[in-house]
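Contents: one structure, followed by commentary.
The values are calculated or read from the model by the stated rules, or taken from the named source; none is laboratory data. Here the structure is a predicted model, which is why all the values come from computation and not from measurement. Every residue, glycine as well, gets a Cβ built from its backbone with ideal geometry; the counts of neighbours run over all protein chains shown. Heavy atoms of the whole protein, side chains included, go into the accessibility calculation; ligands, DNA and RNA do not. Shrake-Rupley method; radii C 1.70, N 1.55, O 1.52, S 1.80 Å.
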Amino acid sequence: MRRRLHHGDVDGKKHEHLVGADLDDLNEPLLRNNDEDYKANQLEVQKLEDIYYDEKSKERLHWTFLFSHIISEWAQWLAKLLLGSGSFISRILTLPSTIGSGPTKKFLPPLLTPLQESRLRTLQKRLEVPFDGSCLEHQDALRKLWRSAYPNRELPGLKSEVWKDMGWQGNDPSTDFRGGGFISLENLIFFSHTYPEAFQNLLNKKEGNRAEWEYPFAVAGINISFMLVQMLDIQSGLPTSLSGVRFLQFLSNDESAFDELYCVAFKLMDAHWLARRASYMEFNEVIKSTRVQLERELAIEDVTSVKDLPAYNLLRR
């Protein structure tokens, strides 16, 4: 677009050479200056953006490194926890759930590992075997027990008054087993071989001030086997008592856990006997108090084997 000034306008004459000029031509230097300023501003903005994004990038790298370090530390801690002292996982798996409350409280048994299941089944099969006086294997086991108890004495016949010296009630030990089964004889043999000194001390009543009417050693041993079976609730199926559920963990650590617990129970029973200054008429009360203490010790959280039980120390005396 072109504009012209009137010739009568003084200023128009004065600037006549500008009147016919193209405004686009006049604006060209301004536009060029504006364009350069704009480009300069754009470069400045770009520099600022580069600085901003560079800082954001550094910040992201910082937090990424920090979080990765935290995750790494957490993973190492978790690994130590899972693989550390005796198995955090197994503790979770063996943590019982309760049903009911009070005296009728029962516990849901945990899922068994293949090892636990195998060992529990083996133990339950042992519990199913009654003592049979006519069975050669059982007769040999009786003789084996006698040799362990009295290595320097002559082996008596299967029916003899001499058997009373060991604490059988009559001249035929087979009549005393009743509900104890063959496993109670196996328990006595295990005790005699594994802890011979403690076994001899109990057999011969060497410790403490003894009562005039003492408990018969062998018959007491049969009663302890029976008490443990009832307490652990392991005769058939899965145990639902707290002691039984905890015993499953013992069994996973030691296939001889029942026999080991038997030795502890026998020694503990004798300690209760002496503490009460009991006589034979109080034997059942002593057995009950022994069971109560065992149940308390089995409930201790950090106990994972028979040798962790406080009462196990009695076998070392």
Select from segment 217-264 the residues that are open to solvent by 10 Å² or more (accessible area, probe 1.4 Å) and outside any helix (DSSP H, G or I) and list them in ascending order. 233, 235, 236, 237, 238, 240, 241, 254, 255, 256
Give the residue, chosen from 197, 214, that is within 25 Å of residue 314 (Cβ to Cβ), at pLDDT below 95 and either open to solvent by less than 50 Å² (accessible area, probe 1.4 Å) or out of contact with any Phe, Trp or Tyr (no Cβ under 9 Å at 6 or more places or on another chain) (or both). 214
Being in contact (Cβ under 8 Å) with a residue 60 or more places away in the chain, open to solvent by 20 Å² or more (accessible area, probe 1.4 Å) and more than 15 Å from residue 316 (Cβ to Cβ), is that true of even one residue in segment 176-192? yes
Residue pairs within 6 Å by beta carbon, gap of at least six or interchain, first lying in segment 136-161 and outside any loop (DSSP other than H, G, I, E, B), second among the charged types (D, E, K, R), listed first then second, are 138/132
Selection from segment 251-298 of residues that are of a type in the set (Asp, Glu) and touching a residue at least 12 places away in the same chain (Cβ under 8 Å): 254, 255, 259, 260, 270, 295, 297
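If you scan segment 233-281, which residues turn out to be among the aliphatic types (A, V, I, L, M) and in contact with a Ser or Thr (Cβ under 6 Å, 6 or more places away or on another chain)? Lay out the reasoning, then the answer.
Going residue by residue through segment 233-281, those that are among the aliphatic types (A, V, I, L, M) are 234, 238, 242, 245, 248, 251, 257, 261, 264-265, 268-269, 271, 274-275, 278, 281.
Listed by number, the residues that qualify are 268, 269.
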All but one of (1) of a type in the set (Asp, Glu); (2) under 18 Å from residue 116 (Cα atoms); (3) free of Cβ contacts under 8 Å to residues at least 60 places away in the same chain hold for residue 301; which doesn't? (2)
Restricting to segment 265-317, and then to whatever is touching a Leu at 6+ places or on another chain (Cβ under 8 Å), open to solvent by less than 10 Å² (accessible area, probe 1.4 Å) and part of a loop (DSSP other than H, G, I, E, B), can you tell me which residue is nearest to residue 253 (Cα to Cα)? 303
